[in-house]
Structure formats: C-alpha cells, structure tokens
1. What are the residues in region 133-171 that are buried (at least 17 other Cβ atoms within 10 Å of the Cβ), free of Cβ contacts under 8 Å to residues at least 40 places away in the same chain and not in a helix (DSSP H, G or I), if any?
2. Of the conditions (1) in contact with an Asp or Glu (Cβ under 7 Å, 6 or more places away or on another chain); (2) within 16 Å of ligand 1 (Cβ to nearest atom); (3) hydrophobic (A, V, I, L, M, F, W, C), LEU215 clears all except one; give me its number.
3. Evaluate region 213-229: report whether one residue or more is closer than 30 Å to TYR115 by Cβ and free of Cβ contacts under 8 Å to residues at least 60 places away in the same chain.
4. Check region 238-253 and report whether any residue there is in contact with a helix residue (DSSP H, G or I) (Cβ under 9 Å, 6 or more places away or on another chain) and among the β-branched types (Val, Ile, Thr).
5. State all residues of region 219-255 that are among the β-branched types (Val, Ile, Thr), under 16 Å from GLY282 (Cα atoms), open to solvent by 60 Å² or more (accessible area, probe 1.4 Å) and assigned to a helix (DSSP H, G or I); if no residue qualifies, say none.
6. Based on this model, can you work out whether TYR130 counts as over 27 Å from LEU19 (Cα atoms), among the aromatic types (Phe, Trp, Tyr) and open to solvent by 20 Å² or more (accessible area, probe 1.4 Å)?
7. Just checking, which of ALA244, ALA261, ALA168 is within 30 Å of SER45 (Cβ to Cβ) and more than 16 Å from ligand 2 (Cβ to nearest atom)?
8. Which one is farthest from THR146 (Cα to Cα), of the residues in region 187-198 that are surrounded by 13 or more Cβ atoms within 10 Å (Cβ to Cβ) and within 16 Å of ligand 1 (Cβ to nearest atom)?
Amino acid sequence: MKKVSILIPAYNEEKVIHLLYARLKSLIDSLPQYEFELMFVNDGSTDNTLSFLYGLRKDDRRVNIIDLSRNYGKEIAMLAGFDYVSGDCTIIIDADLQDPPELIPQMLQYWEEGYDDVYAKRRSREGESYFKKKTSEWFYKILQRTTKIKIQLDTGDFRLLDASCVEALRQIRESSRYTKGMFSWIGYRKKEIIFDRNPRAAGETKWSFFKLLSLAIEGITSFTTAPLRISTIIGMLVSLASFAYMIYILINTIFNGNSVAGYTSTITIVLFLGGVQLLSLGVLGEYISRIFVETKRRPPYLVRSFNEERIITTKKTNADR
Ligand code: UDP
Ligand code: MG
C-alpha cells in the first residue's frame, strides 16, 4: 500500500486545528487504498496548538507532531517536515484551511499518472487585499524577468510532491529559504490544478507587510544575482553620463570662463549619485548577508520533541546519513 504524508506547518493555529483535522480525517478515511501520515510541524506556537495536537494524537496515531524549539517561520518549518515525512509522496497544506483538502484526491490521481509535483494554482485570491494582490503580481513579474527558471504564478505551497522531489528539497540546506523558488528550481514533471483559494477559516494571517517585503527580497536574492548585474549596469550608465557632463563642463569653462553658478545642478548630481551608491551598496549587502548567514553552517532548525519524545541532536539530513 502506498503511503501518503500530509505536511502541515502550524503556528498559533488553535482556532482551526480541530476544524482542519475533521476535514482531513473525513477525507483520508474516504481513501482506504492509501496509508496516511499527518505530519504537523508546531512552529513555536505560543497558544494551545501543541496541546491540541497531542490530544489528536491520543486517538489517532496517524497524527505525528514535530515540535520545533522556537518559531522559525513557515519555510524552515516545511524543511523540518521534509526531513521527517516518510511517505511515497507528501502533500503540503496550510493549517488555516485556505487550501481545500478536497483537492487531494485529484492530486493523488495525477501522481498515479506519473506526475512528480502536482501544484494547486489559485484562480481567485478571495479575502486578500488589492494591495497584497498587486504587490505579489509585481514581485513575480520581476522574479520571472530576471531568471531563466520558469516560476509558477499564483501558486502557494499547496502541492503534492513525489518522494524524489522531497528528497531533492531535503538536500537544499540553505537556512534562509525561499521554498517557492526551490519548487521551480528542482524541476521534475509538474502538473497544475486550478482552484479557488478560500479566506482563512479562523485566526489571523501571520504575514505583515514587512515580512512579505523581506520574503520578496529573500526570494530575489536567493534565486538570482540579477540585482548585482543591474547595479553594475546602472553604475556604467551613470559613469558614462558623468563623463559626458565632465567634458561639457571642461569645454564650457575653457570657452566661457569659470562661473560660480550651478548650485542646483551640483546638488542634484551629488544627491543622485549618493542615492545610486547607497542602493548598490544595499544590493551588495543583501548578498553578503546571505553569504554570512550560510557560512555559519548552523542547523536550519532545532527540534524539541518528535511525538513527545525529546530530541537531543538535530535529525541528520539524508545527505549526511
Ligand atoms: N506558519 C508557520 N510559521 C510561521 C507563520 C506561518 O508555520 O511563522 C504557517 C501557518 O500556521 C499556516 C501557514 O504557515 O499553516 C500559512 O500561514 P498564513 O496563513 O499566516 O499565511 P497566508 O495564508 O496569509 O499567506
Ligand atoms: Mg493562510
């Protein structure tokens, strides 16, 4: 019998955990041809999420709980899940029921047909502000223009991954992760399903504007070095323009003599150049900070316990084993 793992990162989701479990349970009970494993990753919740999960595990041993030592963010929580799942395929789903579990049978069907990565693409983004929709649209446009890898638009993390894809993702040990980019990067045979994303069942989104902005910067800097190229090009253009202007000033001074006028142009140029320099420095800094973080080679996450069993060391990655 094939085993299907369902991976659910959860951070302060006490309001929806029971709802989610009820929906998932009725779904997996209706698919007796598979063996299921529910892999909850408690990402340092400060509410009752963890004790609710233990409550579920008491009655249903298919529920597994990875308890991280603190809040690491969804991207790292997913990595922890990848390290622990053992299914022939893994389905990632949000805890807040924005991803309808009812899509899972169709995903499994495509998987049986031979697809490795069946992802759910949103038709609508109900319950999200116009601002969030627009900024996310821009972000993907920029990302797509600057990279040769095809990026799936309007796609979240809700997807089915074959064990081979999960293994591939486990091998990527970057600690500042942009998993959506990784799904594209690993390749494999992809298939999309269109669906309508629901608003959150309850509770609040964990994403503030600044968190999203830094995720966007993370996405771009972890995926492409195009910003470095762009700042080089801007630097070249600005140098060329400055050179031309210098020639003009020189000739002008030779023929018309030195005049003190020109305060406006001077201050404009100084400010403009200062701005360009700071921007390029910032871009450089983004990449250097990534180098800094990665060279520390810290484990990306620490697990406090797995199914109530205390974990002393980080689980070795498959790459290390
Ligand atoms: N999540 C997490 N750690 C975090 C933030 C979120 O594990 O630090 C989980 C959260 O519990 C949910 C999923 O990631 O299952 C998506 O989070 P959210 O609904 O807040 O994001 P949105 O749907 O608004 O993008
Ligand atoms: Mg959500």
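1. Those that are buried (at least 17 other Cβ atoms within 10 Å of the Cβ), free of Cβ contacts under 8 Å to residues at least 40 places away in the same chain and not in a helix (DSSP H, G or I): ILE151, ASP154, THR155.
2. Of the numbered conditions (1) in contact with an Asp or Glu (Cβ under 7 Å, 6 or more places away or on another chain); (2) within 16 Å of ligand 1 (Cβ to nearest atom); (3) hydrophobic (A, V, I, L, M, F, W, C), the odd one out for LEU215 is (1).
3. Within region 213-229 (the criterion being closer than 30 Å to TYR115 by Cβ and free of Cβ contacts under 8 Å to residues at least 60 places away in the same chain), the answer is yes, since at least one residue qualifies.
4. Yes, the conditions are met somewhere in region 238-253.
5. Once the filter is applied, which keeps residues that are among the β-branched types (Val, Ile, Thr), under 16 Å from GLY282 (Cα atoms), open to solvent by 60 Å² or more (accessible area, probe 1.4 Å) and assigned to a helix (DSSP H, G or I), region 219-255 yields ILE230, THR232, ILE233, ILE234.
6. Spelling it out, TYR130 is indeed over 27 Å from LEU19 (Cα atoms), among the aromatic types (Phe, Trp, Tyr) and open to solvent by 20 Å² or more (accessible area, probe 1.4 Å).
7. ALA168
8. Among them, the one singled out is ASN198.
The values are calculated or read from the model by the stated rules, or taken from the named source; none is laboratory data. As the structure is a prediction and not an experimental result, all values here were calculated from the model. Here the Cβ is made from the backbone with ideal geometry for all residues, glycine too, and neighbour counts use every protein chain on show. With ligands, DNA and RNA removed, areas are computed over all heavy atoms of the protein, side chains included. Shrake-Rupley method; radii C 1.70, N 1.55, O 1.52, S 1.80 Å.
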